[in-house]
Amino acid sequence: MSKFQKPAWLDNGVVRWVDYRLPIFSFVSHELYEYPTPRNLNYWWNFGSLAGIVLVIMIVTGITLAMHYTPHTALAFDSVERIMRDVNYGWLIRYIHMNGASMFFIIVYIHIFRGLYFGSYKAPREILWMLGVLILLLMMATAFMGYVLPWGQMSFWGATVITNLFSAIPWGIGDWIVTLLWGGFAVDNATLNRFFSLHYLLPFVIVGVVVLHIWALHVHGSNNPIGIATKGEQDVVPFHPYYTIKDMFGLGVFLIVFALFIFFAPNYMGHPDNYIPANSLSTPAHIVPEWYFLPFYAILRAVPDNFIGGWTTEWLGFVIVEAKLAGVLAMFGAIAVLFVLPWLDRSPVRSSRFRPMYKWFFWIFAIDCLVLGYMGALPAEGIYIVIGRVATVYYFAHFLVVIPLLAKFEKTRSLPKSISEPIFGGGGVAAAGAAAKPMEKA
Amino acid sequence: MRKIVTLLIVGISSMAVDTTVHAAGGGKTPPAHQWSHSGLFGTFDRASLRRGAKVYREVCSSCHGLRLVAYRNLIDIGFSEAEVKAIAAEQEVAAEPNDDGDVEMRPAILSDRFVSPFPNENAARAANGGAYPPDLSLMVKARPGGANYLRGLLIGYKEEPPGGVIVPEGMNYNEYYPGNMIAMASPLSEDGVEFADGTKATVEQMANDVTTFLSWTAEPELEERKRMGIKVILFLLILTGLLYVVKRRIWSDLH
Ligand code: HEM
């Protein structure tokens, strides 16, 4: 008898009546009860569903905050403080939303690194991966604009620094974009208003892209820690109940961590300057973005003033790229390389478990990203500049040099014949390669 | 794979710590004080809040506002309604326009916010030699180091700056203030206020008390937050434990 049974409630009369007209119940049955999922997914596969749940939490708390928030430069800061002091459980809603943004990024970064480690971006999941990168971009835009809303010092100065970046784009286009973002000639009330409007809109765009992301996922199903395709019923289990319960357990663990921040260290990941009302006449000593932007901020600042401007341009002759623009291009390039990663990595083996060299470079890359984050938080001076530059160059080298070369020269380990082979016998070389700890499969 | 988690935690915490240290650049790191309201179960020391409110009202309030706090909020920390009404009535605020359209002044009432000492920033600067005494409602949250910094600032004045440092006219040397030169003269002096509960008003005592009071104005939800947090965490621990058991049972037929 197959493990993949339609649920009994599909036979219910009302359900059948509705389903005949709108097959929503068949859809649920198909995507949960009959949806085959590799049986060997480890806990790193929990982070996708966690991201989805946090997205919902963000939307619910965000809508509630919007009921009490006032997007006006003279009132925004105080309206947030009213939420904290006078709205019933306003402090709770705000702290959930504030820390939820950080949690969202932690989860999504782990989710992405999971993909990098197990080669989830490779065929046939390229579009799935690219949709993911698009989600990351949308999240960054949303978080950036959300941070502006409380209209504290970091809100204002962060908005000023980041929007000004676009002015580096030549031919007047940059200035046009900046004026459009500002709705005037400085970060001011018009800016705050449009940022609020867009901050409300973008999460729903993210929902839309997430739907596409999951649609693409359900076409070929999840990758898995061994990285080989599933080959029949012994390799898979129905999503429900196996992964619904596993995801719920993971959610519980996550909520504990989340609650520790909300209730006991709600401002740990924030910056004290944002409790000072925005003041266009007083610049903070160090303008630092939120922690989740720090690696990109470090890349932005890593480009030397005369790098392309005084050097490559002469060499190329016709490309006039100013240093500031080069920095901006590098920053966006850091995400753009993720888009094309499926085509940079031509190694046929997905999982790092069978790629002895890639595995090492994966960890070096992970450390490189942490170093970049660290440099982003430090003032750009002395040795920090050098470290930032080296780490930036390595970031790109990882994708543009290391990965293509590994695809050519790395000797990969032999793959097991199927996911279930190491479990039900077979043994030999293959079994050793796939000898995951039993807990990881639990 | 546990490495990823460790790395992330180390990375993130070091970043947060790091920004804190840098923003404070120039002043010494203030000494850590044992606050009644720190820790998982911390609550504000009521007697200290009461003394701190007195220090604020009798010393700081001549220069600094507390514009986000309403008089009625004092009732939450043990002041009686009559006491708070009396405190509020000492100040005047603009009333609604009367029938003739004139705006008159009336005594403040419970629902009013603390009346700031100066009508605007320019007036505040004019009265303080060009320096601006910031509003204190959120001060503890708005400085790296929080309560420890504020306490440090109040006890950190040095009559004799360390060798070679020249203190310009109108400035004062403070160990913990970033850059060390602050326009506010040491606001606290021994026995500057008289505490009703007989506590001796040393500079350090007053600094501790007013800092406790300003920690409350910055985070009036702190006690409720921590109390709820304990319950939520306990609930989640049990729930997660149960989910784990269920998960093991569901998966048992696969192992
Ligand atoms: C709002 C943010 C996101 C949500 C809600 C989300 C949701 C999900 C879910 C529910 C899954 C299936 C469970 C899993 O494999 O963990 C998944 C898989 C995946 N996601 Fe995301 N995701 C998000 C962002 C991203 C980003 C930013 C990327 C990459 C840049 C990405 C790349 C992938 C890939 C490659 C898979 C398939 C993984 C595999 O099967 O091995 N996702 N996503």
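Would you please give the residues with an amide H less than 5 Å from that of A:Gly152, counting only those at least 5 places away or on a separate chain, with H modeled from the backbone geometry?
A:Ala278
In straight Cα distance, which lysines are under 26 Å from B:Lys247, not counting same-chain residues fewer than 8 positions off?
Straight-distance partners of B:Lys247: A:Lys3, A:Lys6, A:Lys231, A:Lys246, A:Lys437, A:Lys441, B:Lys3, B:Lys231.
Counting Lys +1, Arg +1, Asp -1, Glu -1, what net charge surrounds A:Leu32 among other residues with beta carbon under 13 Å of its beta carbon?
Summing Lys/Arg as +1 and Asp/Glu as -1 gives -2.
Using the 10 angstrom Cβ neighbour count as an exposure proxy, how do A:Ser26, A:Ser414, B:Ser48 rank, fewest first?
Details: A:Ser26 15, A:Ser414 12, B:Ser48 22.
Ordered from fewest to most neighbouring Cβ atoms within 10 Å, A:Ser26, A:Ser414, B:Ser48 come out as A:Ser414, A:Ser26, B:Ser48.
What does the charge add up to near A:Phe339, with Lys and Arg as +1, Asp and Glu as -1, over the other residues with Cβ less than 15 Å from its Cβ?
0
Could you pull out every whole DSSP H run in chain A that spans at least 27 Å of Cα extent along its own axis and averages 1.0 or higher on the Kyte-Doolittle scale?
Length and hydropathy pass: A:47-66, A:90-118, A:126-148, A:189-220, A:239-264, A:323-344, A:356-377.
Can you tell me how chain B classifies by the Cα gyration tensor, rounded, prolate or oblate, using a/c under 1.5 as the rounded cut?
Oblate, because a/c is 1.5 or more while a/b does not exceed b/c.
Which order, highest average first, do A:362-375, A:194-207 follow once you tally other Cβ atoms within 10 Å for each residue and take the mean per peptide?
Values: A:362-375: 19.1, A:194-207: 16.7.
The peptides rank, most packed first, as A:362-375, A:194-207.
What does the charge dipole of segment A:102-236 about its Cα centre add up to, to the nearest 20 debye, if the Cβ of each Lys and Arg holds +1 and the Cβ of each Asp and Glu holds -1?
On the way: 5 positive and 5 negative charges, 35 e Å.
For this selection, approximately 180 debye.
To the nearest whole number, what is the average tally of beta carbon atoms from other chains within 10 Å of the beta carbons of peptide A:273-282?
Values: counts 5, 2, 8, 7, 4, 0, 1, 0, 1, 1.
Averaged over the peptide's residues, the number is 3.
Would you compute the Debye intensity of the protein assembly as shown from its alpha-carbon atoms alone, equal scatterers and no solvent, and pass along log10 I(q)/I(0) at q = 0.06, 0.10, 0.11 Å⁻¹ to two decimals?
Log10 I(q)/I(0), no solvent term: -0.44, -1.10, -1.25.
Specify the residue with the greatest mean-square fluctuation among B:Glu175, B:Glu121, B:Glu104, computed from a Gaussian network of chain B linking alpha-carbon atoms under 10 Å apart.
Comparing B:Glu175, B:Glu121, B:Glu104 in a Gaussian network model of chain B, the most mobile one is B:Glu104.
Per-residue counts of other Cβ atoms within 10 Å, averaged by peptide: what ranking do you get for B:27-39, A:334-346, A:10-22, highest first? Present the calculation step by step, with values, prior to reporting the outcome.
Details: B:27-39: 15.2, A:334-346: 16.8, A:10-22: 11.2.
Descending mean neighbour count gives A:334-346, B:27-39, A:10-22.
In peptide A:79-85, what is the residue-averaged number of other protein chain Cβ atoms found within 10 Å of each Cβ? Working shown, then result.
Details: counts 0, 0, 5, 1, 0, 6, 9.
That works out to 3 on average.
For segment A:1-148, rounded, prolate or oblate, judged on the Cα gyration tensor with a ≥ b ≥ c (square roots of eigenvalues), a/c < 1.5 rounded, else prolate if a/b > b/c?
The shape class here is oblate.
Under 8 Å for C-alpha pairs, at least 6 residues apart: give me the relative contact order for chain A, rounded to a whole percent.
Working: 541 pairs, mean separation 93.6, N = 442.
Here the relative contact order equals 21 percent.
Lysines within cross-link reach of B:Lys226: Cα-Cα under 29 Å, excluding same-chain residues under 8 positions apart?
Output for B:Lys226: B:Lys54, B:Lys141.
Under 13 Å Cα to Cα from A:Lys417, which aspartates and glutamates show up? Leave out anything in the same chain fewer than 8 places away.
Partners found: A:Asp235.
How many partner chain Cβ atoms sit within 10 Å of a residue's Cβ in peptide A:30-41, on average, as a whole number?
Working: counts 0, 0, 0, 0, 0, 0, 0, 0, 0, 2, 1, 0.
That works out to 0 on average.
Please say if segment B:91-199 is rounded, prolate or oblate, where rounded means a/c under 1.5 for a ≥ b ≥ c the square roots of the C-alpha gyration tensor eigenvalues, and otherwise the choice is prolate for a/b larger than b/c and oblate otherwise?
Prolate is the answer for segment B:91-199, as a/c is 1.5 or above and a/b outweighs b/c.
Could you please rank B:Lys85, A:Lys6, placing first whichever residue has the fewest other Cβ atoms within 10 Å of its Cβ?
A:Lys6, B:Lys85
Taking θ as phi - 60°, what are the ³J(HN,Hα) couplings along segment B:218-231 by the Karplus curve (6.51, -1.76, 1.60), each to the nearest whole Hz, with x for Gly and Pro?
Ordered by residue, 3J(HN,Hα) equals 7, 10, x, 8, 3, 5, 4, 4, 5, 4, 5, x, 4, 5 Hz.
Values in this text are rule-based calculations from the coordinates and carry no lab data. Keep in mind the model is a prediction, meaning the values are calculated, not measured. Every residue, glycine among them, receives a Cβ derived from its backbone with ideal geometry; neighbour counts consider all protein chains shown.
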